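I have placed the structure first, in the form of C-alpha cells, so that the comments after it can refer back to it.
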C-alpha cells in the first residue's frame with residue numbers, strides 16, 4: 001500500500017473515530033445528568049426557525065466552551081453533572097478556522113433536564129421526553 005493511501009486511510013479512521021466518540025456515560029446513569037443542546041446555527045441564527053433549504057449550509061454551533069475553558073471535543077449536545085455553568089457555542093466555524101464564542105449562557109443544570117440554547121433564550125424540559133413532544137418552558141436563571 002502506498003504512503004499516500006495509508007495517510008488517507010489514517011485520516012478517514014481518525015475522523016470516523018471522532019464522530020463516534022461518546023462521553024462514556026453508561027445509559028443507566030444519564031438521568032443523573034442534565035443535557036445541554038445547541039439550537040443555534042453556526043451563523044448565530046435559531047435552528048428551530050431556519051428554513052429547511054438553509055439547514056445543510058448553516059449547521060448547529062457546537063457547545064465549545066464551558067466555564068471559560070474549551071470543551072473537547074465540542075458537541076451539539078453535552079451531558080453535564082448538576083451545577084452552575086457558563087456555556088458558549090462556537091460561531092463562524094464553518095467558514096473560518098477560528099470559531100468565535102457566542103454570548104455566555106448562565107445555566108444551573110439539574111439532573112434529568114434538557115436545556116435547549118437558542119440565540120435569544122434557553123428552554124428547559126424533561127430530557128427523557130423527545131423534544132418535539134416535550135413541554136418546553138422558558139428557562140429563568
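Quick note: the coordinates plus some simple rules give every number you see, no bench work behind them. Values in this document were obtained by computation on a predicted structure and should not be read as measured data. Positions of Cβ are backbone-derived with ideal geometry, glycine not excepted, and every protein chain shown enters the neighbour counts.
In terms of other Cβ atoms within 10 Å, 93, 99 run from fewest to most in the order 93, 99.
Using the average count of surrounding beta-carbon atoms within 10 Å as a protection proxy, the listed peptides 45-51, 84-90, 74-80 rank, highest first, as 84-90, 74-80, 45-51.
For residue 100 and residue 72, the FRET efficiency from 1/(1 + (r/R0)^6), where r spans their Cβ atoms and R0 equals 22 Å, is about 0.80. Protection proxy ranking for 105-111, 37-43, using the average of other Cβ atoms within 10 Å per residue and placing the highest first: 37-43, 105-111. Residue separation of residue 110 and residue 43 scaled by 0.36 nm, minus their Cα-Cα distance, works out to 21.3 nm of gained length. In terms of the Cα gyration tensor, with a ≥ b ≥ c the square roots of its eigenvalues, is the range 26-138 rounded because a/c is under 1.5, prolate because a/b exceeds b/c, or oblate? Judged from the Cα gyration tensor, the range 26-138 comes out oblate (a/c at least 1.5, b/c at or above a/b).
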